[in-house]
Amino acid sequence: MSKILLVEDDADIREIVLYALNSAGFEAAGFESGEEFFAALERDPILPNLVTLDIMLPKDDGLTILKKLRQDKRYSTLPIIMLTAKGSELDKIKGLDMGADDYLTKPFSVMELISRIKAIMRRSTSAAHTHDLAYRNIHIDHVRRTVTVDGGVITLTFKEYELIYYLMIKKDVALSRDRIMEVVWGYDFEGESRTVDAHIRSLRLKLGEAGENIKTLRNVGYKLGE
């Protein structure tokens with residue numbers, strides 16, 4: 001059974017979401033604060049499958065918790081959905097920049113939340129259990145670290161390969177430049193977002209027409225998919 005942790009200080013919302021998640025077949029637990037949440041993580045050796053974070057929380061807010069999770073190797077790839085009453089584009093971009101996988105604005109439909117959770121978990125499970133990835137005519141053999149387009153092998157640098165692989169396992173997900181840099185280049189890399197842009201341009205060129213599958217998201221970053 002998939003385990004989902006919810007950090008939400010509004011008791012009514014927390015109770016409704018937990019009831020819906022448990023009714024949908026998940027093992028769900030809720031926490032009022034980041035302090036309670038991190039204490040539970042340390043107590044339980046089994047990692048959760050997904051976390052939902054409210055931004056507006058007492059003491060450490062959701063973005064602070066998100067940052068702590070992404071800086072810990074144990075949780076660096078943990079799927080995370082942000083829940084917030086804020087609806088501005090800036091807040092959404094900030095959450096994505098810091099590594100959130102998705103974003104839902106209050107008031108939200110609990111059924112929509114469950115749908116998004118299932119979609120993210122499907123992508124995460126697929127990426128974790130397969131060495132072969134494909135999107136349209138682009139194929140990756142991760143064991144051999146080869147990328148082919150229409151059966152022809154594409155010669156890529158080490159970072160170009162890491163970049164297309166990350167885009168592939170996160171296909172259809174909006175990825176900020178900062179998040180791509182953190183994952184592909186590492187947290188300690190002292191580069192700029194232009195590094196990502198330059199590698200995207202090179203990757204698109206080498207992929208030929210298939211490079212059009214890498215979409216530019218204005219003021220956000222990139223994604224592979226529609």
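Specify which residue in the list L66, I46, M181 is farthest towards the positive end of the charge dipole of the chain, using unit charges on the beta carbon of Lys, Arg (+1) and Asp, Glu (-1), about the Cα centre.
Towards the positive end, the residue furthest out is M181.
Calculate, in whole percent, how much of the Cα-Cα pair population of the chain lies beyond 23 Å.
Working: 12604 of 25425 pairs.
Value for the chain: 50 percent of Cα pairs lie more than 23 Å apart.
Based on a Kirkwood Rh over C-alpha pairs, give the Stokes-Einstein translational diffusion coefficient of the range 3-127 at 20 °C and viscosity 1.002 mPa s in µm²/s.
On the way: Rh = 14.4 Å.
Estimated via Stokes-Einstein, D reaches 149 µm²/s.
Filter K68/K171; K73/K118; K3/K106; K171/K223 down to the pairs with a C-alpha to C-alpha distance above 18 Å, please.
Values: K68/K171 25 Å; K73/K118 24 Å; K3/K106 23 Å; K171/K223 6 Å.
Among K68/K171; K73/K118; K3/K106; K171/K223, the Cα-Cα distance tops 18 Å for K68/K171; K73/K118; K3/K106.
Taking neighbour counts of Cβ atoms within 10 Å as a proxy for exposure, in what order, fewest first, do K223, K106 appear? Each step should come with its number before you reach the end.
On the way: K223 18, K106 15.
Ordered from fewest to most neighbouring Cβ atoms within 10 Å, K223, K106 come out as K106, K223.
Relative contact order, percent, of the range 3-127 when contacts are C-alpha pairs under 8 Å separated by at least 6 residues? Show your work: numbers first, answer last.
On the way: 174 pairs, mean separation 27.9, N = 125.
Computed value for the range 3-127: 22 percent relative contact order.
By how many degrees, between 0 and 90 and to the nearest 10, does the Cα long axis of helix 34-43 differ from the longest principal axis of the chain?
That works out to roughly 80 degrees.
For each of M56, M82, M181, M1, count neighbouring Cβ atoms within 10 Å of the residue's Cβ, then give the residues from fewest to most.
Least crowded to most crowded, the residues run M1, M56, M181, M82.
Between the helical axis of 11-23 and the dominant principal axis of the chain, each derived from Cα atoms, what acute angle in degrees is found, rounded to the nearest 10?
The angle comes out near 60 degrees.
What nm distance separates the two modelled labels at A119 and E226, each placed 7 Å from Cα along Cα→Cβ?
For A119 paired with E226, the spin-label model returns 1.1 nm.
Quick one: helix 158-169 against the long Cα principal axis of the chain, what's the angle to the nearest 10°, folded into 0 to 90?
For helix 158-169, the angle is close to 50 degrees.
Multiply the residue separation of K159 and R194 by 0.36 nm, subtract the distance between their alpha-carbon atoms, and state the gained length in nm to one decimal.
So the chain would gain 11.2 nm between K159 and R194.
Would you calculate a helix-derived [θ] at 222 nm for the chain, using -39,500 (n - 2.57) for each DSSP H run of n ≥ 4 and dividing by the full residue count, to the nearest 500? If you can, show how the numbers build up before the last one.
Details: 8 runs with 91 residues, N = 226.
Value at 222 nm, helices only: -12500 deg cm²/dmol.
Bear in mind these aren't lab numbers, they're just calculated from the coordinates by the rules spelled out. Just so it is clear, the model here is predicted, and its values are computed rather than measured. Virtual Cβ from ideal backbone geometry, glycine too; neighbours counted across all protein chains shown.
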